[in-house]
Amino acid sequence: MLRQNNRTIKRVGDFAEQCTDRVSSDPSVTPICDSLLQKFNIDMGKFLVENQNIIEELIYPYTLPSSIHTSTDLSSATVTGTNDRLAAAEHGSISIKYLETVSDISKECSSRAMSNDVAGIKPCMTVMNSLNSHMKEFNQNARSEFDTILGTVTP
């Protein structure tokens, strides 16, 4: 699970890097890049809301970002990107914050696993299962964006 999640997160990073490199020379990719960022934010926002109590237990103090409330009622399957570079940049900024939270969770869970904290690893398993489900949803809904920008097909 952790490896699958890490692969998706790495692909999001690669995607963002490619978008950053290409948007200035080819503004037509802006909606594609923005679409993926919005899809990521929706699925990650849902993950964070659903697991707020467990996340708070793992990385206390933790508070849900205010940006979450604009995306949890949306579906990543129906998102369309914008040509507005400022809006796309804001969506990218939100994605970075979400990725930082996931990184903090992963670090805490790794620490608990390394210390053989059997009771402490249970919330990690719960949160990682949930993250994996949301990442699968995201991957499914972002196939075309990944393929267009990275030139690969999502497995």
For this session: Would you point out the residue of the stretch 15-47, among those that are exposed (fewer than 14 other Cβ atoms within 10 Å of the Cβ) and charged (D, E, K, R), that is farthest from Met125 (Cα to Cα)?
Result: Asp26
Problem set entry | Count of residues meeting criterion [among the polar types (S, T, N, Q), surrounded by 13 or more Cβ atoms within 10 Å (Cβ to Cβ) and in a loop (DSSP other than H, G, I, E, B)] in the stretch 48-74 | 3
Seminar exercise, completed: Pairing a residue in the stretch 74-94 that is under 21 Å from Ile9 (Cα atoms) and in contact (Cβ under 8 Å) with a residue 12 or more places away in the chain with any residue that is surrounded by 15 or more Cβ atoms within 10 Å (Cβ to Cβ) and among the aromatic types (Phe, Trp, Tyr), where Cβ atoms lie under 9 Å and the two sit 6 or more apart in sequence or on different chains, gives Ser76/Phe40; Ser76/Phe138; His91/Phe40; Ile94/Phe40
Exercise. For the subset of the stretch 105-155 comprising residues that are among the charged types (D, E, K, R) and more than 17 Å from Ala77 (Cβ to Cβ), which member is modelled with the lowest pLDDT?
Worked result: Asp117
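The values are calculated or read from the model by the stated rules, or taken from the named source; none is laboratory data. As the structure is a computational prediction, the values presented were derived from the model and not from experiment. Counting neighbours? That spans all protein chains shown, and the Cβs are built from the backbone with ideal geometry, glycine included.
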